Amino acid sequence: MDSRSKKRTEEKERLMKEVLGSKRAYENTGTEDQVTLTDTPDASSPASSDSDHSFEDTMRSADDTLNALKEVLTRQSSDLENLSNEKNRMDDADKALHETVYGNTKDINTSDVDQLQKDLEKDYGVAPEVKQDIDSGKVFTEVQNELEEKLAGNDDAIKQLCSAFRRPYVMGRDSSRAENIILITGPKGSGRHSCVAFMADALKKQQVIASDEVYTIDMSLYQSGSQEQIFLQDLYKALNGTGSIVCFENFESGFPSFLRMIDSLVCDGKVILNKRYVLNHGILIENQTGLVKEAVDSLTAAGKYLVFMTSKGSTAVQDAFGANFIYHILDTVSFKAIDETGMREIIETKSKDLMERAKTNLKIELSIDSSLKDWVIAHYDKTSGADAVASLYEDFYICLSQEVLSENIGSGAACALTCVNGVPAGKFDEKLFSIIRSRTSEEEIKEVNQELDQIVGLNQVKTYIRSLQDHIRVQELRRQQGMKVSEVSKHMIFTGNPGTGKTTIARLVSRYMKAIGALSQGQLVEVTRGDLVAQYVGQTAPLTMSVIKSALGGVLFIDEAYSLYRGKDDSFGLECIDTLVKAMEDHRDDLIVILAGYQKEMSSFLDSNSGLKSRFPNIIDFPDYTGEELQKIADSIAKGKGYVISTDAEQPLKDYFDQVQSINAAEAGNGRLARNVVEEAILKQSGRLVAHPKEKMEELRLEDFDLTVKVKPAKDDSDSLFS
């Protein structure tokens, strides 16, 4: 008998005793449907006799017994029904728990899941408690004091931000809409992002919000309608996460249809989705199977603070969203560039943080001299403000930790950071070491210059590349002094026939720009039309953007770029070009695009988009090599392979190259022609050495070269705009 049956049996016996008294017994005959009632003699009473009971008494007693049994059975049936309901409820809860843990997609009782989740959060502290009633005046005064202590130089902006976050507690909260819509303006480096992050942390400590997480949605990342599901997934995650603050950035360059969704979220309180979506493992996905339960047809910002950040002022907001959007913004927080007084306060804070970090992590006692602080004031990037100061102090820490590691500095050692002859330095036991991490690499610059020198010809190209270094260095000095920077476009167009060295120079440009600090990464990404243009509608823009992202911080080299445009009916190519032009504008500080191709075709290509010509002012022509230059290239190729071209072959090679180049340099291949000639000579030399093994194995003689002219004259094409 299982425990449940045993419990029912015990309950029946209890009920029978309650109804019949101690003189009756309940006997189980083996089946629960059959019971036998017997008189149980009472030892304390005399034996019963027929004369003591009349027939009527007997029948009355039997009727009473039957009525009592009916009552017992009714109560028993009710108890069994309750037990069954309890079992079903427990089964549903078990099922809901299983669905939650293992992600089964079968229909479940969502109310049970929600309640179970609430119970888990309450019992195990999954979600922090949030105070329902707060003294908003007291709380936000404390928050303001904390932020002013952490962030110097923008007390007015901090006060405005605290007022913006307090507003719903004063005006009243609408459970169907966002808590508040906040616009934050200010230049780069003014502390906007840090202030919002500190605000989230302070409000969590005060138990005003559940999480200090700040969700950031960069609208520039979504540049095509084909990215709608990705955008909605990110937006859903932000609006339904535990964090209460959602920041929108770079909306000035956002995709129009996605901007309309954000506008609706702000002005109407929700976004009505134009497709039916469902949740799968917490991710919003488009439903493909018709009507379903729990479909997601709208998104709301209930309980969230929506923060919009821009460095271009409120005009940029109106241009992106419109006047109605501006009407719904109740708080505009204006950050200003931090002046020297404020920056010195930030430097003091950073110095204290660095000393504490060194003591905690590096186990050393650090002191920072005022001369170093003065150096930071004089040399930090004024356009980046507080961010630049933070970057400098991070460099100090990295150099300090490197010295501790390399010299095995013991715990408790004393170190001083100072300036020696105007250069930041650290000092351990009178030993000086640098605490500056250079953005440039003198060794790499030297190597690139040496490789440029070894390249035959291309003097115009070499001169242009080297001129960029001087310009970038001067602009960096102007930036450090807070002067206006005159940025020049570094995007280039390389024109010329195949084999003139365009790809080789592009590789050197990427390395050179990295070495002089103009690019953060310096990689070269080589692509053609097939890598940028998709075959189906809506796929080209995402494909192009993915390639651009891989090239950020380096050089994107598009060979045969003219093939991107095949006429006004080439909608895919035009979509690629539009995406490329926009990305060049959005990432002009950390991306160089080099387009390569024939002169005439590149001229037509630039006419395909009005923004192309203005963005590619640096047009560099790669002329065909002369016979003498090709002969030098052939010498270099042979040496690289371990061979030497004999003296008697030099002039014939030069004459051969002159003749071929004069007939059709484009078809001949320029530098490729020299490579092919040398490789063919090496193969022919092998046959000669087999017949004459005692001859020099490293020498390529005139007889090894096939100097037969095989190219055909080129067709007569008119000069291009580049001539």
D624 vs. criteria part of a loop (DSSP other than H, G, I, E, B) and either among the hydrophobic types (A, V, I, L, M, F, W, C) or surrounded by fewer than 16 Cβ atoms within 10 Å (Cβ to Cβ) (or both) = no
Go through D234, D201 for me and flag whichever is part of a helix (DSSP H, G or I), over 26 Å from I283 (Cβ atoms) and free of Cβ contacts under 8 Å to residues at least 40 places away in the same chain.
-> D201
Residues in region 552-572: is at least one touching a helix residue (DSSP H, G or I) at 6+ places or on another chain (Cβ under 6 Å), in contact (Cβ under 8 Å) with a residue 60 or more places away in the chain, more than 30 Å from A668 (Cβ to Cβ) and assigned by TED's automatic domain parsing to the domain that holds K502?
-> no
Hits in region 551-605 (condition: in a loop (DSSP other than H, G, I, E, B) and small (G, A, S)) | G553, G554, G567
Single condition L405 does not satisfy, out of (1) at pLDDT 85 or above; (2) crowded, with 17+ Cβ neighbours inside 10 Å | (2)
Unique residue being surrounded by fewer than 17 Cβ atoms within 10 Å (Cβ to Cβ), aliphatic (A, V, I, L, M) and within 25 Å of T540 (Cβ to Cβ) when the list is I217, I230 | I230
Filtering region 215-231 down to residues that are among the polar types (S, T, N, Q) and part of a helix (DSSP H, G or I), which residue is nearest to K275 (Cα to Cα)?
-> Q229
With region 242-302 as the region, which strands (runs of 3 or more DSSP E) entirely inside it contain at least 3 residues that are closer than 27 Å to D586 by Cα?
-> 245-249
Taking region 227-244 and keeping residues at pLDDT 90 or above and either at positive phi or among the aliphatic types (A, V, I, L, M) (or both) leaves L232, L235, A238, L239
Given the conditions (1) without any contact (Cβ under 8 Å) to a residue 24 or more places away in the chain; (2) of a type outside the set (S, T, N, Q); (3) in contact with a Pro (Cβ under 6 Å, 6 or more places away or on another chain), report the number of the one that R688 does not fulfil.
-> (3)
Cβ pairs under 7 Å, 6+ apart or interchain, first in region 346-359 and crowded, with 17+ Cβ neighbours inside 10 Å, second charged (D, E, K, R), ordered by first then second residue, are I347/K373; S351/K373
Residue pairs qualifying under the 7 Å Cβ cut-off, at least six apart or on distinct chains, with the first in region 139-167 being closer than 19 Å to K352 by Cα and assigned by TED's automatic domain parsing to the domain that holds L203 and the second being among the small types (G, A, S) and not in a helix (DSSP H, G or I), are L151/G191
Tabulated pairs, region 391-410, first assigned by TED's automatic domain parsing to the domain that holds D429, second of a type in the set (D, E) and in a helix (DSSP H, G or I), C-beta under 9 angstrom, 6+ apart or interchain | Y393/D353; I409/E403
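The values are calculated or read from the model by the stated rules, or taken from the named source; none is laboratory data. Fair warning: this is a prediction, and the values are worked out from it, not measured in the lab. Don't worry about glycine lacking a Cβ; one is built from the backbone with ideal geometry, like all the others, and counts go over all protein chains shown.
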